[in-house]
Amino acid sequence: MGVETERTVLLRQLKDYLVFLRDQGMDRVPLTQALETRPPAPNPAPVRPPGGEPTDGERRPAPAPIPSPEPVSATTETMNQTDASSRLIEVRNELGDCTRCKLSATRQNIVFGSGNPNAKLLFIGEGPGADEDAQGLPFVGRAGKKLTEIIEKGMHLNREQDTYICNIVKCRPPGNRDPEAEEIDACKPFLIEQVRAIRPKVIVALGKPSASTLLGRTVAITKERGTWHEFDGIPLMLTFHPAYLLRFYTLENRRAVMEDMQKVLEVLKP
Ligand code: SF4
């Protein structure tokens, strides 16, 4: 990879950030600090002749007092929602133009996550594929379409409103290989912070690398799918990755995933 200029790096960071904000449903850039607002500059004072009377331009009415803002009332829920969103933005900012592992050398875009920061249901996959890397968004390729189908047709939920989706590593492993241990270790602190920002009611681990990362041991996904565990105090369901379903598109596997999702729906019930 050629040496990047500071400008190139800044532009890449800005692009990543804007993609992230768009993905959070924002149509404008939030400011973390209030801009210094000043009243518009007055017209230049007319020049008074020495010893002369003030001109009309100098006899200005005193500026009207600025009314105090109405106290803002916000429910705890609204504040929590804002907190989740703001915290996710902070985590994304902390990640920056990350070079903490070697996946940074081959990625096009960091794929941070997408969906509702206040979702009750969080899906965690293993890593971005080629389509995700190109678009900077998770689960937008064939496996993503399968996941959307599971969420919308199988669970009767809305992907954007009811779920948040991310991966254990935010950059594409070349050739879609499994992420390596040191790559997972480098990226995992950001995943943990995402989970803590969202605080979902249920997490679903999609596939073996995700399940193994979240449980800290090697998971035999074909044996352990459909079983409940816990991650950071949150109920964790293990199931097949949608890419596995596409590869082994059997009635048995499809049924298995839908059974797992039914269990999730039971826990999500209000
Ligand atoms: S995979 Fe994670 S730790 Fe590695 S470069 Fe990408 S964002 Fe950084």
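The values are calculated or read from the model by the stated rules, or taken from the named source; none is laboratory data. Only a predicted model underlies this, so the values are computations on that prediction, with no experimental measurement involved. Neighbour counts run over all protein chains shown; Cβ positions are idealised from the backbone, glycine included. Surface accessibility is based on the protein's heavy atoms, side chains included, excluding ligands, DNA and RNA. Shrake-Rupley method; radii C 1.70, N 1.55, O 1.52, S 1.80 Å.
Results, tabulated for the structure shown:
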| item | result |
| --- | --- |
| Sole exception among (1) within 16 Å of Met261 (Cβ to Cβ); (2) at pLDDT below 95 for Ile150, by number | (2) |
| Selected residue (criterion: farthest from Arg107 (Cα to Cα)) from residues of the stretch 169-197 that are among the β-branched types (Val, Ile, Thr) and more than 9 Å from the ligand (Cβ to nearest atom) | Val195 |
| Residue list for the stretch 149-183, restricted to those being β-branched (Val, Ile, Thr) and either assigned to a strand (DSSP E or B) or within 14 Å of Ser114 (Cβ to Cβ) (or both) | Ile151, Thr163, Ile165 |
| Number of the exception - Leu238 against (1) out of contact with any helix residue (DSSP H, G or I) (no Cβ under 7 Å at 6 or more places or on another chain); (2) within 17 Å of Val264 (Cα to Cα) | (1) |
| Residue identified as free of Cβ contacts under 8 Å to residues at least 60 places away in the same chain, in contact with a helix residue (DSSP H, G or I) (Cβ under 8 Å, 6 or more places away or on another chain) and open to solvent by less than 10 Å² (accessible area, probe 1.4 Å) among Ala211, Ala205 | Ala211 |
| Residue in the stretch 239-252 that is in contact with a Phe, Trp or Tyr (Cβ under 7 Å, 6 or more places away or on another chain) and either over 18 Å from Ile184 (Cα atoms) or in a strand (DSSP E or B) (or both) present | no |
| Count of the stretch 94-148 residues which are part of a helix (DSSP H, G or I) and within 14 Å of the ligand (Cβ to nearest atom) | 8 |
